[in-house]
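Quick one: structure below, then a few questions.
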Amino acid sequence: MPLVKLSDLVTKPDHTYAVGAFNVSDMEMAMGAIRAAEEMNAPLILQVAEGRLRYSPLDLLGPVMIAAAKKCKMPTAVH
């Protein structure tokens, strides 16, 4: 499933479920969230907490999150 827009996950009126948003600070956390979403057949949102940017700069972590989202079998947004 390709990377999707956040609005595609949260504005559909036919959704009868919540979409989990998970703060990640490295590749392992991103892949863990993706594995869980795939096991549950659930879409997800990968995001990073502002406080983590001191240790995981967005210019490094952002591309990791996008690449991980593109590999996910479920709809995944990056916020």
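Every number here is computed from the coordinates shown, using simple stated rules; none is lab data. Just so it is clear, the structure is predicted and the values come from calculations on it, not from any experiment. With ideal geometry, Cβ positions are generated from the backbone for all residues, glycine too; neighbour counts draw on all protein chains shown.
Report the net charge of residues surrounding SER56, where surrounding means a beta-carbon distance below 15 angstrom and charges are Lys +1, Arg +1, Asp -1, Glu -1.
Values: positive: ARG52, ARG54; negative: ASP26, GLU28, GLU50, ASP59.
Computed value for this residue: -2.
Beta carbons within 10 angstrom, averaged per residue: use that to sort the peptides 45-57, 21-33, highest first.
21-33, 45-57
Would you mind calculating the relative contact order of the range 6-78 from Cα pairs under 8 angstrom and at least 6 residues apart, reporting the percent as a whole number? Please list the in-between numbers first.
Working: 85 pairs, mean separation 28.0, N = 73.
Result for the range 6-78 is 38 percent.
Taking the Cα centre of the chain as the origin, how large is its charge dipole in debye, to the nearest 20, when only Lys and Arg (+1) and Asp and Glu (-1) carry charge on their Cβ atoms?
Values: 8 positive and 8 negative charges, 20 e Å.
It comes to approximately 100 debye.
Also, I was wondering about something else. Per q in 0.15, 0.23, 0.26 Å⁻¹, report the Debye log10 I(q)/I(0) for the chain, using one uniform scatterer on each alpha carbon and no solvent.
For the chain, the Cα-only Debye profile gives -0.47, -1.02, -1.25.
Helix 27-40 versus the longest principal axis of the chain: what angle, 0 to 90°, nearest 10, using Cα atoms?
10 degrees
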